[in-house]
Amino acid sequence: MWDPPPTPPTSSSPLYLPQSSPPPPYRPFTTTNIHTCYHVHTKILPALSNDENIPTAESFVKKTKIRSLGNREAVRKYHEKKKVRAASLEDEVVRLRALNQQLMKRIQSQIGLESEVRILKCLLVDIKRRIDGKIWSFPYQK
């Protein structure tokens, strides 16, 4: 059956909220709502003691130097890999050019052999004609 649409709440109903009402009070999460998710980027830091974990200018400089040294090392490794790759590609180019030269020589010799085969076929046809002509030119003898 068809149900009529619900009526909006009135001021006497428990669902009624006036337009200018303040937001509901903040309720902290209960233990049933806690969702603990540990990711790779999550880092649990130890509690700060009085003097040992307070960042100083020296610790900042030390961290910056360590970071720049690590970055320099990474850049050096990258350039080294790039040089090795370039050398490998150059060797490949040399090898492929030599192979290309060999294939070009084969093609040239193949073309020469094909033209020689054509010449020999023409000679064979000519010789067959001469032989056939001489055989039929003699009378049949017993």
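Some values worked out for this structure:
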quantity	calculated
Förster-model FRET efficiency, 30 Å R0, Gln110 and Tyr78, C-beta, rounded to 0.05	0.05
Per-bin percent of Cα-Cα distances, the stretch 62-137 [10 Å]	15, 15, 14, 13, 11, 9, 8, 6, 4, 3, 1, 0
Radius 13 Å from Cβ of Asn100, net charge of other residues (Lys, Arg +1; Asp, Glu -1)	+3
Positive-pole candidate from Ala86, Leu99, Leu113, dipole of the stretch 62-137, charges at beta carbon	Ala86
Backbone HN-Hα couplings from phi across the stretch 98-106 [Karplus 6.51/-1.76/1.60, Hz, Gly and Pro as x]	4, 4, 4, 4, 4, 5, 5, 5, 4
Label-to-label distance, nm, for residues given as Phe60 and Asp132 (7 Å Cα→Cβ offset)	10.5 nm
The stretch 122-127 - phi-based ³J(HN,Hα) in whole Hz, Karplus 6.51/-1.76/1.60, Gly and Pro as x	4, 4, 4, 4, 5, 5
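Readers should treat all values here as calculations from the given coordinates under stated rules, not as data from a laboratory. Keep in mind the model is a prediction, meaning the values are calculated, not measured. Using ideal geometry, Cβ is built from the backbone for each residue, glycine included, and neighbour counts are taken over all protein chains shown.
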